[in-house]
1. Compute the accessible area per residue over the stretch 157-255, keeping the other protein chains in place, probe 1.4 Å, unit Å².
2. Tell me, what is the Rg over Rh of the stretch 312-358, with Rh the Kirkwood radius over Cα pairs?
3. At a probe radius of 1.4 Å, what is the per-residue accessible area of Glu359, in Å² to the nearest 10?
4. Report ³J(HN,Hα) in whole Hz for each residue of the stretch 332-337, in order, from the Karplus equation J = 6.51 cos²θ - 1.76 cosθ + 1.60 where θ = phi - 60°; Gly and Pro get x.
5. With every protein chain in place, what's the accessible area of His186 (1.4 Å probe, Å², nearest 10)?
6. The stretch 326-393 to the stretch 160-189: how many Å between their Cα centroids?
7. Over the alpha-carbon set of the stretch 364-438, work out the extent along each principal axis and list the three values in angstrom, largest first.
8. Please list, in chain and number order, the residues 5+ apart from His263 or on another chain whose amide H is under 5 Å from its amide H, with Hs placed from the backbone.
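The values are calculated or read from the model by the stated rules, or taken from the named source; none is laboratory data. Bear in mind the structure is a predicted one, so any value in this text is a computation, not a measurement. In this analysis, Cβ positions are derived from the backbone assuming ideal geometry, glycine residues included, and neighbour counts consider all displayed protein chains. Quick note on the areas: whole protein, heavy atoms, side chains included, nothing else; ligands and nucleic acids left out. Shrake-Rupley method; radii C 1.70, N 1.55, O 1.52, S 1.80 Å.
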Amino acid sequence: MASQMHQPAAGSACPSCDEPLETGDLFCGACGHDLSAVPEQPDDHPTIAIGTAVQWPAATGTDSAGTPAPTHRPGDLQGTDSGGGPLAAPAAVRYDNRPGHEASPDVPAVPVQATAPNAAPSVSSSGDFELPAPEAAPAGAADPRAVDPVTAPSGTKLCVACRAGHVDTDGYCENCGHAQPRERDHMERELGSVAAVSDRGLRHHRNEDSFAVSSTALPDGSPAVVAIVCDGVSSATRPDEASEAAASAANELLLATLPRGTHPQQAMHEAIVAAADAVNSLATDPGEGEAMEHDPHRHQNAPACTIVGAVAAGGLLVVGWVGDSRAYWVPDDRSGPPARLTEDDSWAAQMVAAGLMSETEAYADERAHAITGWLGADAYELEPHTASFKPDRSGVVVVCTDGLWNYAEGAEDMARAIPADAAGRPLHSAQVLVGHALDGGGHDNVTVAVLPFAVPHQGAGSAYNKA
């Protein structure tokens, strides 16, 4: 679930004159500074350039505003991790300072133990769920994790907990007795070349994330693989519907435009615009009832979500985003540095970019994770971010919501969390990353897509020769 939208909070100070502010203030009482304004968006550049200098194919056509779709080149910005430091430096620990999840930097994180699939979580004094270790199995009982994989008979499902037992008609595993989640609570999909997993997490009553993974072909017959991840904004109405509508609309547009030869970066831009239109339409959906027609403030709490997507096509890796969902690059052989490919649309990121606060100060503020960009009828002017990369080695792209990156924020952290064989087992890797977030506390919905990106051997040439 995405963080709340930007609002002034009690205990904060005016960025212009340092006068204390109260909750809901729109202007500073001392100097009149407009508190609803956010710092100017930084230039749309990727966090890091991957690989060596190359000749880029030109993006043809125009975006929805009638201007040429830009392509970003290596060297636009030096490589840094998500903390803004050199890639070789250890990633700094971040704390979840969102409203309702405040934590002091002086309080150490509480380690969370693994749990048996059907064990009930207990709440610690810090507010986190501490998961007890599994009880010892009775003598002679087989460990379901050690048995050979079982194929479920036609029309039945395997347990999501032990992955060995069949699920009965009442929704319980016949092997371990684990109650199965509702369909939206835990979703998995694999297409061979891409996979995604979404889970409700341990704290929320529903899953407000959504995803779409797909593949198609470019005009020359080479493959194009798509991964879209969306995170519903918790402070908005119907966030689960917003994320589902956005993921579906973006995916459908990419599948329609890529086979026609549209440059992948231009296609990604248009996909985000289509996703925004789909979410905007929910604000006036007649299905909400007549009461909405008489509510003059209905757009102030319109359905909203974030979006991040990746396309691997013709030797290019294209990412696009609005909000604080992220994409990471992790090379297969780990010989090159991992990287974060997106920049958050968040209050903290913009305060740091504008030079108004240090990174430590910004992320210690309770507004740190408030998003400043989202899809929805009450969003600021839509500004889709897109970037293109030309990797010089094979690797995987991790496309995820903050439900995962809160527990693996730095690029190095994400590289350590994902299995070494991620390119060959994307679904397994997505499952491992979701498990990493749940083991860390599972405070939020968790959604992650793993998209392998293969670089042909030298001399094989690129499958994408012209736009």
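1. Normalised by residue count, the accessible surface of the stretch 157-255 is 42 Å².
2. 1.09
3. Rounded to the nearest 10, the figure is 60 Å².
4. Calculated HN-Hα couplings, in order: 4, 8, 6, 6, x, x Hz.
5. Roughly 40 Å² of His186 is accessible to a 1.4 Å probe.
6. Answer, in whole Å: 36.
7. For the stretch 364-438, the Cα extents along the three principal axes come out at 42, 31, 22 Å.
8. Thr60
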